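The values are calculated or read from the model by the stated rules, or taken from the named source; none is laboratory data. These numbers were taken from a predicted model, which means no experiment stands behind them. Virtual Cβ from ideal backbone geometry, glycine too; neighbours counted across all protein chains shown.
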Amino acid sequence: MPRILVIEDDEVTAREIVAELGAHGMAADWAATGCAGLERALAGGYDLITLDRMLPGMSGIDVITALRERRVDTPVLMISALSEVDERVRGLRAGGDDYLTKPFAPDEMAARVEVLLRRRRPQAENRLRVADLELDLVRHVASCGGQPLSLLPTEYRLLEFLMRNSGQVLSRTMIFEHVWGFHFDPGTNVIDVHIGRLRRKIDVAGRPALIHTVPATPVAAQYRDTGPWVQAQPADQLPRADWWSLYGDPQLDRLQQRLLAHNADLAAALAHYQQAQALFREARSGYFPQIGAAASGVRQRQSDTAPLRGATPAEYNTYAVGAQLSYEVDLWGQVRDSVAAGRDEAQATAADLASVQLSLQAQLADSYLALRGLDQQLQLLQQSIDAYQKALQLTQTLHKGGIVSGLDVARAQTQLSTVKSQWSQTAAQRAAMQDAIAVLVGESASQFSLPAQTTSIPLPQVPLAVPSTLLQRRPDIAAAERRTAEANAEIGVARSAWFPSLTLDAQGGFLSKDYAGLLTAPNHVWALGPSLLLDIFDGGLRKAQVAAARAAADEAGAKYRGVVLGAFQQVEDNLALLDRLGAAMVDQQDAATAAQHALDLAMKQYKVGAASYLDVVQAQTAALQAQSGVLSLGTQQLRASVQLIRALGGGWSRGQLAQKPAHGGGATAGG
């Protein structure tokens, strides 16, 4: 049955479309806003989308543009009351496959949908592949590692939905609506049952788990404060690696490269990641038997009064050489869960490393932009010093001519000295900021300097997607999620202690009292057999260990939810800050223009004796404060944009967990 996504804000029209599609044998889901529709469309599983043009929050053009930029090729039938030729052309060129104007005949709408579905079928993919898991969409069969899987029809639909949305977090509601076709009932555990069955069928011991469950966290359909300056585009439009290139500053680019190569904190994080990788390999060694070899030569003497001594001599030699093999059979999954926990911790530390790197990069960009803001403030203060010096000379000349009193000269001198003091204080702040940058790039502050640069840096347009994508974009969220999975695996390790451990042992070698002829058949010895060990009474130790593991899993889940909610807060805070700063900048620029005009008038009137120098002083102070405010707001906007990019995860994505770190932080750990 074809699945159709209806994105329409008018409820009456939406119900009409859904009913007509249902009458033609199609299942339809309804989204009332552009952001909600985009989120569902990106989740996949739909054969066609009907899209209204005029939607609240995010227009239909923005939705189709975002889909095509994400390479989502689902056919889109645009339905809109905008019937002019140029509007229809705009919709089709944005990525629409057909355009239907309102009001429309329901039969015609359904016929257009059927035509688009027919056109899509020959191009439909025949196979889905994730790792070594493969799904044949034509024959409806699945295989894992080349071995066929026996799946029930519902399990097959569930696996297909998960594979089509590989790498994305899917809510229970989305799974219910796409797989079962009805709304989610919080009281049922049917999803847990089917997910558990799939895990047992597709997860192979020694390989990474393919299905991960994360704690439920509330996710909004859209951000509250987006502001007019933010483009509604997918988050992966941020540069994948060099996100700071948005600011177009070559000096910042060079500093970021030096940070990656020489920062001490980054090198320490890399070493911690390497430790986690080594511990994972240590845990994985439990899958294999342990083989050892030994050789010995001993001369010893027995006690003359030893019991059961017999006729053996008091002194004799013993020579032995042999090997032993020991293998613990993983009947209850202890080794498997230990390996899974080790892998999850290694992936968590990889995300920690990415989080440290992102934090340091954002700190460097923030410090650099603050430094450039101080350069601009120093330039403004120097220009004020030059202007006030000329004003002082003017008042001194007028005073010598007896035109003005010495009070004017004193006021002019006060203004000049005050601004010089401000320049010195700002220069001290710049020096401190420059030293902080030196530490970030791993250099001595005594040998590091950055030339002054007063060129304005434009405020970048930061691409923004729906909030649910943030779960895939932030490394700290990925680290928290992996530690949740690790804690769940540790529960399995603790529970395995309730069951007996089975070990297979084999020993063999040669033993003799004479060294000559040691490796001969008569001296051959061996032993072979299993051993079973089970603790009968432990005073509640195993029960306490399982309870501790479960509590640790609950703790990890709570921390995950806290990290997710904190991430959303950071995005919202910086969006709101940028929105308000943008409005404040408009007013501040108006204030600076008015203050400069007032200063020009005051100086003109003072020169002709129509105003006192007190009026000039007040105008100078107001103009300097207003112009300084413009520069300060500009710097605040740039720094807030850095924090927004950091809150959005920079250019990181969850897929990078499987990749090795690609920076040179470890190369200088000892330097």
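A few notes on this one:
- V72 at pLDDT 90 or above, assigned by TED's automatic domain parsing to the domain that holds I17 and either of a type in the set (V, I, T) or not in a helix (DSSP H, G or I) (or both): no
- Considered as a group, the residues in the stretch 573-584 that are surrounded by fewer than 18 Cβ atoms within 10 Å (Cβ to Cβ) and out of contact with any Gly (no Cβ under 7 Å at 6 or more places or on another chain) include one that is nearest to Q627 (Cα to Cα), and that residue is A584.
- So K543, is it surrounded by fewer than 17 Cβ atoms within 10 Å (Cβ to Cβ), charged (D, E, K, R) and in contact (Cβ under 8 Å) with a residue 40 or more places away in the chain: no
- The single residue among Q461, Q379, Q393 that is more than 26 Å from the chain's Cα centre (by Cα) and closer than 26 Å to M585 by Cβ turns out to be Q379.
- Annotation note: of L575, L633, L599, the sole residue that is part of a helix (DSSP H, G or I) and in contact (Cβ under 8 Å) with a residue 60 or more places away in the chain is L575.
- Test: residue in the stretch 544-551 that is at pLDDT 90 or above and over 42 Å from the mean Cα position of the chain (by Cα): no
- Screening the stretch 479-525 for residues that are touching a strand residue (DSSP E or B) at 6+ places or on another chain (Cβ under 7 Å) and among the aromatic types (F, W, Y) and picking the one that is farthest from R542 (Cα to Cα) gives Y515.
- For the stretch 231-247, the condition of being at pLDDT 65 or above, within 30 Å of D344 (Cβ to Cβ) and not charged (D, E, K, R) holds for at least one residue.
- Long-range neighbours under 7 Å by Cβ, at least six apart or interchain, first residue within 26 Å of R301 (Cβ to Cβ) within the stretch 510-526, second exposed (fewer than 10 other Cβ atoms within 10 Å of the Cβ) and among the hydrophobic types (A, V, I, L, M, F, W, C): none
- Scanning the stretch 10-31 for residues that are within 36 Å of the chain's Cα centre (by Cα) and crowded, with 18+ Cβ neighbours inside 10 Å yields A14, A28, D29, W30, A31.
- Flag if L374 is within 30 Å of L614 (Cα to Cα), assigned to a helix (DSSP H, G or I) and within 32 Å of the chain's Cα centre (by Cα): yes
- In the stretch 398-442, the residues that are of a type in the set (D, E, K, R) and within 50 Å of the chain's Cα centre (by Cα): K420, R430, D435
- Where G609 falls short, out of the listed (1) surrounded by fewer than 15 Cβ atoms within 10 Å (Cβ to Cβ); (2) in a helix (DSSP H, G or I): (2)
- In the stretch 251-284, residue farthest from S355 (Cα to Cα) [restricted to those that are modelled with pLDDT of 90 or more and of a type in the set (S, T, N, Q)]: Q251
- The criterion of being touching a helix residue (DSSP H, G or I) at 6+ places or on another chain (Cβ under 8 Å) and surrounded by 17 or more Cβ atoms within 10 Å (Cβ to Cβ) does not hold for V439.
- Contact annotation: residue pairs with Cβ atoms under 9 Å, 6 or more positions apart or on different chains, pairing a residue in the stretch 603-614 that is charged (D, E, K, R) with a partner that is outside any loop (DSSP other than H, G, I, E, B), are K607/L394; K607/L398.
- Some residue of the stretch 383-392 being within 30 Å of Q256 (Cα to Cα), in contact with a Leu (Cβ under 7 Å, 6 or more places away or on another chain) and either modelled with pLDDT of 95 or more or in a helix (DSSP H, G or I) (or both): no
- Of all the criteria given as (1) under 26 Å from the mean Cα position of the chain (by Cα); (2) closer than 25 Å to F176 by Cα, the one not satisfied by A66 is (2).
- Helices (runs of 4 or more DSSP H) contained entirely in the stretch 405-516, each with at least 2 residues that are of a type in the set (D, E, K, R): 406-440, 475-495
- Filter result for I403 (of a type in the set (A, V, I, L, M, F, W, C), touching a helix residue (DSSP H, G or I) at 6+ places or on another chain (Cβ under 6 Å) and over 27 Å from Q257 (Cα atoms)): no
- Residue count for the stretch 491-525 under the criterion of being within 15 Å of G322 (Cβ to Cβ) and either surrounded by 14 or more Cβ atoms within 10 Å (Cβ to Cβ) or among the acidic types (D, E) (or both): the result is 9.
- Flag for R343 being part of a helix (DSSP H, G or I) and modelled with pLDDT of 85 or more: yes
- Those residues of the stretch 527-540 which are surrounded by 10 or more Cβ atoms within 10 Å (Cβ to Cβ) and either without any contact (Cβ under 8 Å) to a residue 12 or more places away in the chain or touching a Leu at 6+ places or on another chain (Cβ under 6 Å) (or both), in sequence order: P530, D538
- Some residue of the stretch 303-311 being closer than 30 Å to A362 by Cβ and either modelled with pLDDT under 85 or surrounded by fewer than 16 Cβ atoms within 10 Å (Cβ to Cβ) (or both): no
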